[in-house]
Each structure stands twice: as structure tokens, then as C-alpha cells.
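Readers should treat all values here as calculations from the given coordinates under stated rules, not as data from a laboratory. These numbers were taken from a predicted model, which means no experiment stands behind them. Ideal geometry is used to build each Cβ from the backbone, glycine not excepted, and the neighbour counts take in all protein chains shown.
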Amino acid sequence: MSDLPNIILIVLDTVRADRLSCYGHHLPTTPNLDRLARESVLYRQATAPACWTLPSHASLFTGLYPSEHGAETTTMPPPPVPTLAELLRDAGYATIALCRNPWMGRATELQRGFEDCPEVWVRPKLPLPARLLTRARNVLGLAETGARETTELVMDRIRRAHEPYFLFVNYMDVHPPSRHTSPFLPPRIGRMEAFVGRLRHISQTKRGKQWDALVSGSPRSLDLLNRMYDNDLHYLDANLGRLFDFLGEAGRAERTLLIVTSDHGENLGEHNLLWHFFSLHDTLLRVPLIARWPGAIPGAALVDAQVQLTDILPTLAARLGIETLPALSSGPRPHLDLFDLDALSRSESPAYAEHQVPPILDKWAARSTKYDFEPLRRDLRAVRTVSHKYIEASRGEPSLFDLTEDPGETTNLIHSRAEVAGSLAAELHAWASAPRARHRQAAESADEDLVSQRLQELGYL
């Protein structure tokens, strides 16, 4: 048997950290992830370098920022930029991706390096009775959104895989539109009102009218949207529990490095925003990060240092003795070893994030005509420390937030704390102007028809 550990990297698409009970949510949304966290390292200040799927996954797979890899609206950078899957494949790993997210395909090349990457998001053409049954389950809030089937596929691949293997899994169950009912309902909202509200939410999303709900909706409708999100997360967590139990019962857990994280969060009415895109607030950037590697890293440990998804690839490469590109260690922010807890306890390294105006803005603006999208038509970049975040826009005033006193980022302190703002602005400009390898020009434009198809499959259009 190989001395190399099996590696399972799970991305909980669209899951923000503050909605997990092990991250302090007031509802018991994630009992199985809580159980995992009690025997793992939990990173309390983990962030994504982008606020939506494509650039965030590209950063996860390359260790580069969006302005370096260029995959904001284009494909992954071509060789010689290696992906995590390519590095592990060349090191002797069997590489497998089971992903419900249709961005994982040839349109973006996020699948590069995976030897086994079935398009599990493709839904077979069902006969009429089966389609009617599926529609009825959706209406009743009993839909299978993929977690059960994905978990079955994961367990099957693990049974058959040659060790060591690298298994990447993306669960899409929390991505809107919401499909599940119970166990959580907002106070003073009955099941019938919740039922009608969920149907309205699904209809608005399918018609591209969800943003109008921010204008014409009510606090009750936003309360319901938040509870629907919690219900979807609870459903996903139940299926993760099945996977964790399987790993233990099959004797695999002790020789597996398991990492659970997310690519970005979700706006649920905060900052007058929905979905992802258009902001670099913690509702989108702060993600869960939990790592378990028996015998190699401590269990039941909490890390308060500022870490990022871009730290995952270099950490794995260093621990497994794999060479990476020099570009991974350039720039003013050196990558952190996520498993060196002593060094992390002394780290003061900040995190950075970027966002370009996505093409989806014009499409949403054409459909949600009551909502004013014009203020969102700007690029963003941010620097985040454990205590503060500074956000700079290509137009409009910058923002400064005290994350300790104001974790919801509701009060802009740009004028009242000019010294802090100036220091973080200088840090952000130094990072942005640092000499780094950039691969934007080398990347090819993604196939627009395929991208449009992806957006429709995900409910954006």
C-alpha cells in the first residue's frame, strides 16, 4: 500500500461559513459537519479569492488569483500552469472528479488533469410520467437535488479506485433555487405560507425575476429565503454524514486526507443583494474550511489566522514533495502552510479578493426591471485581515469595515478611520502592482454557447 494518503477535496458550492452550526449559526444546520470538525482542524477565517464559481475554482486548482489565471469569463490558463489534479496525477494519484456543477466541463477546462470526470450534471431525458413525478417532488419540497446520488457515486468510486487517489467532489444542493422544506421555518410563518413562498421563489428564479423581489418583497419573504437556504444545507449535511460514516466503516478514514470547503457564499438580502457576484462582502468571501488527516495534523484544533483557498494547492504540494511553479511563491503574500499550526498562530498575512463585472449583469437587468443594477457595474478588489476589510471599486467610494465590531459589514468607516483605511489601501495597491506571472492573455475565450448553457443549467438565466 502506498505511503501517500488518499485525498478527498469536497466543495460545498455556495455555502457560506456563518450558516454552519460549527461556525456559530444559531440553528443546528450541520450536525455531521460539526462531528467532523470536532476531530479536525477548523479554520475560522478562511476566505475565497473570488465571489463566484469559475474564478474561485480556478484559484483553488492553481493557487493563483483571478488577475493571474484570468478565468473570470474565460477558460483556465493553459500549460505550463499546472492544476492540482495534474500535479497529483503526475505524482502517481488516480484523479477523479464528481461534480454537479456544469462549469466543470470543456467550456472552461476546470476538469483538466482529472482522468475520470463524468458529466454527472447532465440529466437524462425522462419519460413523461417520470417528469411529472419529478415536478411533483419539486413542488412538495421533496426534490433530490443531487447530494444523495453524488454520495452514492463517491462511495462507488472509492470502492473501485486504485490507491492513492485524489477525489474532488462538488455538491450543488445549496445553490439556488431552493428545493427543500423543513426542518427550519421562520418564526410566525406557517407551513402553507412557506410552501407558497418557496414556489414563488422557484418561479421568480426560473423567469430571472428574483432581483425584483428585493424591491417588492417583504422582510417575511427574506426570512423565508434564509430558512430555505438553511434547509438545503441541512439536507446536504445529512448526505455528507452518510459519506463520513462510509469512510469510517470501510476503514478508509484513517488513511485519507479530507478537506471540506466552499467556493463562495451567498447573499440572502444582505447589502440589498441576492445570489453571488457584485460584492466582496463576507457573505460571499468567508467560507468553511475543515481539514482532517489522522496522524499528520492535530484534531479538534481551531485556527484564527487569515487563510485562503489559494493556500490549499501549495500546502498539499509541499507536504507531498511535489514541485510547483515559482509563481506560486511570488508576490507580497506568501502562501501559508495550512498544516503548520504553530506558524499560523503567528501569521499576520492578509487575504485578497477580486471581482470583474460579469456578463450576467446585463441579462439579469433585462429581466428584473424593477431593480437598479447600475451601481453594481464596477470591478472590485479587497484586502482582508482578521479585524478589518478594505474594498476598492473601479468607480465609487471605497469601503472599510471593522469585522470584529461589525461582522455584517453594515457601517462604512472609510472617513472615521482614515489611518486604518490608508494602511490597508497601501497594502492592497502593493499586492496588485507586485510583479507576478499573469496568464490572462494566454487563456482562450470560453465557448459562449456552452457558457450560456451552463448559466441556464444553474438557474441564472
**Study point:** Share of pairwise Cα separations in region 182-232, more than 16 Å, in percent
**Key:** 34 percent
Study note, to complete from the structure: Listing M155, M228 by rising number of other beta-carbon atoms within 10 angstrom, fewest first, gives M155, M228
Study note, to complete from the structure: The residues L33, L376, sorted from fewest to most surrounding Cβ atoms within 10 Å, come out as L376, L33
**Study point:** Radius ratio Rg over Rh of region 1-76, counting only Cα atoms, Kirkwood formula for Rh
**Key:** 1.05
Review point. Once phi is turned into θ = phi - 60°, what whole-Hz ³J(HN,Hα) does the Karplus curve with 6.51, -1.76 and 1.60 give for every residue of region 113-119, x standing for Gly and Pro?
Key: x, 8, 6, 10, 9, x, 7
Review point. Just in region 1-100: which trypsin sites (Lys or Arg not before Pro) are loop by DSSP and have at most 15 other Cβ atoms within 10 Å?
Key: R38
Check your understanding: Cα-based Rg of region 232-355 per 2.2 N^0.38 Å, rounded to two decimals?
Key -> 1.23
Exercise for review: In Å³ and rounded to a whole number, note down the convex hull volume per residue for the Cα atoms of region 272-424.
Suggested key: 156 Å³
Practice item. Using the Karplus curve 6.51 cos²θ - 1.76 cosθ + 1.60 with θ = phi - 60°, work out ³J(HN,Hα) for each residue of region 271-281 in order, rounded to whole Hz, and write x for Gly and Pro. Key: 6, 6, 10, 10, 6, 10, 5, 6, 8, 10, 6
**Study point:** Loop-resident sites, region 314-410, for GluC sites (Glu not before Pro), counting at most 13 other Cβ within 10 Å (DSSP)
**Key:** E323, E348, E405
Check your understanding: Using θ = phi - 60° and the Karplus curve 6.51 cos²θ - 1.76 cosθ + 1.60, what whole-Hz ³J(HN,Hα) does each residue of region 226-243 get, with Gly and Pro shown as x?
Key -> 5, 6, 4, 4, 4, 5, 4, 5, 5, 4, 4, 4, 4, 6, 4, x, 4, 5
Practice item. May I ask for the percentage of alpha-carbon pairs in region 200-267 that lie more than 16 Å from each other? Key: 65 percent
